[in-house]
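Engineer: Just passing along the structure, written as structure tokens.
Just so it is clear, none of the values below were taken in a lab; they were calculated from the coordinates. A quick note: this is a predicted structure, and the numbers were derived from the prediction, not measured. Methodologically, a virtual Cβ is constructed for each residue, glycine included, from the backbone with ideal geometry; neighbour enumeration extends over all protein chains shown.
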């Protein structure tokens with residue numbers, strides 16, 4: 001992956017950054033730095049919801065060298081940067097979409113004004129940080145899509161940008177009810193599971209589909225997807241690299257009470273037979 005000057009964040013709806021933990025002792029040395037709380041390439045998820053919730057996308061705080069500087073007002077401007085999202089998608093072969101305007105509104109935050117694709121942060125004397133948040137309508141959220149927003153610091157005011165990181169990209173992802181870490185047992189003796197018993201992850205693809213991670217036989221290219229019919233709890237399998245024999249075994253089921261998935265499937269063209277049991281351990 002190429003190196004871009006970006007900070008990456010994925011924000012859960014209950015996430016609240018602890019601004020004080022990031023602050024340094026005030027001295028009379030150095031310059032004021034603008035810092036986005038959270039850390040680089042951080043991937044967090046939240047559970048799906050159907051009401052409207054306030055989602056803190058990111059905050060920009062200023063690490064100041066002295067109380068005198070802290071008590072000075074300043075203005076910082078951010079500019080929407082969809083080109084950075086496009087670059088990220090191209091480099092990582094992902095398909096994040098810009099968060100559509102019909103499913104959110106920007107939350108009213110003191111000192112933060114929104115005008116078109118520009119965000120203005122007005123720091124009053126004594127202000128350490130400004131938070132950018134949205135009110136997201138969960139009823140309009142489509143789990144089949146992954147969304148993101150990217151903003152570039154276009155004017156740092158009287159501060160400097162920390163380590164040249166002038167872009168914040170916020171990834172917004174939700175989990176379906178099948179998502180999690182599982183104990184995976186299978187009858188097939190494979191390089192991935194020499195003892196037929198290992199921890200794996202099932203990752204949300206859509207409201208009713210998950211993907212095995214790592215891929216089948218330990219190869220990431222051997223992608224396996226499990227589709228769960230919420231009406232019957234029957235499971236069907238997709239494996240583009242190996243194929244799946246049709247018709248599929250109707251014994252393949254999801255048990256919502258125990259959060260256990262039992263799957264029987266045969267590789268296409270008379271290949272191997274897989275009898276798999278996924279037992280839920282914990283959220284990821």
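Engineer: What ranking of 145, 61 emerges when the number of other C-beta atoms within 10 Å of each C-beta is taken as an exposure proxy, fewest first?
Structural biologist: The order, fewest Cβ neighbours first, is 145, 61.
Engineer: In which sequence would 282, 253, 160 go, from the one with the fewest C-beta neighbours within 10 Å to the one with the most?
Structural biologist: Neighbour counts put them in this order, fewest first: 282, 160, 253.
Engineer: Just subtract the alpha-carbon distance of residue 222 and residue 183 from 0.36 nm times their residue separation and send over the number in nm, one decimal.
Structural biologist: Separation in residues times 0.36 nm, less the Cα-Cα distance, equals 12.1 nm.
Engineer: Could you put 179, 155, 137 in order, starting from the residue whose Cβ has the fewest other Cβ atoms within 10 Å?
Structural biologist: 155, 137, 179
Engineer: What is the percent of Cα-Cα separations in the range 180-282 that go past 19 Å?
Structural biologist: 36
Engineer: Quick one: if the Förster radius is 30 Å, what FRET efficiency do residue 89 and residue 48 give, using the C-beta to C-beta distance and rounding to 0.05?
Structural biologist: Computed FRET efficiency for residue 89 and residue 48 comes out at 0.85.
Engineer: What distance in nm separates the simple spin-label points at residue 122 and residue 158, each placed 7 Å from Cα in the Cβ direction?
Structural biologist: In this crude spin-label approximation the distance works out to 1.7 nm.
Engineer: First check a/c for the range 73-200, with a ≥ b ≥ c the square roots of the eigenvalues of its C-alpha gyration tensor; if it is under 1.5, answer rounded, and if not, answer prolate when a/b is larger than b/c or oblate otherwise.
Structural biologist: Prolate.
Engineer: Here is a follow-up. If you average the C-alpha positions of the range 85-131 and of the range 66-82 separately, how far apart do those two centres end up, in angstrom?
Structural biologist: Using only Cα atoms to place each centre, the spacing works out to 15 Å.
Engineer: Pairs of alpha-carbon atoms within less than 8 angstrom and 6+ residues apart define the contacts here; what relative contact order does the range 180-282 have, in percent?
Structural biologist: The normalised contact order for the range 180-282 reaches 26 percent.
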